[in-house]
Amino acid sequence: MKSTYSIAEIQSWDRFTRANFINTLSGFKSLSLIGTVNGKGISNLAIFSNIVHLGADPALIGFINRPLEAAPHTLQNIQETGFYTVNLVTESMCNQAHLTSAKYPEGVSEFEMTGLTEEYREGWKAPFVEESPVQYLLKFEQVIPIELNGTFLVIGSLQAAFVPAEIQEEDGFLDLAKVEILTSLGTSGYYKTEKISKLPYAKVK
Ligand SMILES: Cc1cc2nc3c(=O)[nH]c(=O)nc-3n(C[C@H](O)[C@H](O)[C@H](O)COP(=O)(O)O)c2cc1C
């Protein structure tokens, strides 16, 4: 039997229950760590799961940044320096990845606080997470403020990707489950992934 809730009833719940319910309702998300650096060279790392594919040509990827009072540093650094890295999360990185969501003051690097390792590649200032098997670099393109709730859609264009050769199939598909990339639910649930099928492009018969 299904429980039925009207929005009026959901709104009457305490804010944590309401947030957990709404955050999990829209399903599993791409679990990623976004690495940035500010103008003074201080690195920042934060966990984000509201990441979305916007298109393959040009290759554009967006993410939702909460209002600036709640999550200021990643967006500020991206606007300051123009580049950021996205690093997918595995089981062995999970606890440290989660800790990056704590509200560290500006100037404190989450790399230092969590023990995740900064990795730099020649030509780019933004830090990658060395422990992550799948990493990519984005160039900041556009930020769209969402007036309804003070959040932002931040759009970047893909500049480079770093992936294990063994997960890439002949058609380009990356089987992320092969390197045990996790997925998340809300802001507290972490799940393993397993491929159950891979189907050809659907056509009307
Ligand atoms: C699993 C998980 C997913 C999260 N996803 C997002 C997200 O998509 N967008 C966001 O703004 N904050 C998200 N957060 C919260 C940020 O990680 C947190 O606000 C962080 O402190 C932001 O850091 P910053 O100020 O360094 O950018 C998430 C937290 C957790 C635990």
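Farthest towards the positive end of the charge dipole of the chain, among the residues HIS98, ILE22, LEU116, is the Cα of ILE22, using unit charges on the Cβ of Lys, Arg, Asp and Glu.
Farthest toward the positive end of the dipole of region 27-191, out of ILE47, SER132, PHE152, is the Cα of PHE152, where the dipole comes from beta carbon charges about the Cα centre.
Computed over the chain, relative contact order equals 23 percent, with contacts defined as Cα pairs under 8 Å that lie 6+ residues apart.
About its Cα centre, the chain has a charge dipole of approximately 700 debye under the convention of +1 per Lys or Arg Cβ and -1 per Asp or Glu Cβ, with nothing else charged. Provide Rg over Rh for the chain; use the alpha carbon set for both Rg and the Kirkwood Rh (inverse mean inverse pair distance). Result: Rg/Rh = 0.98. For region 1-123, the Kirkwood radius over C-alpha pairs fed into Stokes-Einstein at 4 °C and 1.567 mPa s yields D = 79 µm² per second. Mind telling me which of GLU141, GLU169, GLU180 comes out most flexible in a GNM of the chain, alpha-carbon contacts under 10 Å? Of the options given, GLU169 has the highest mean-square fluctuation.
Every number here is computed from the coordinates shown, using simple stated rules; none is lab data. Quantities reported herein were computed from a predicted structural model and do not represent experimental measurements. Glycine gets a Cβ as well: all are built from the backbone with ideal geometry, and neighbour counts include every protein chain shown.
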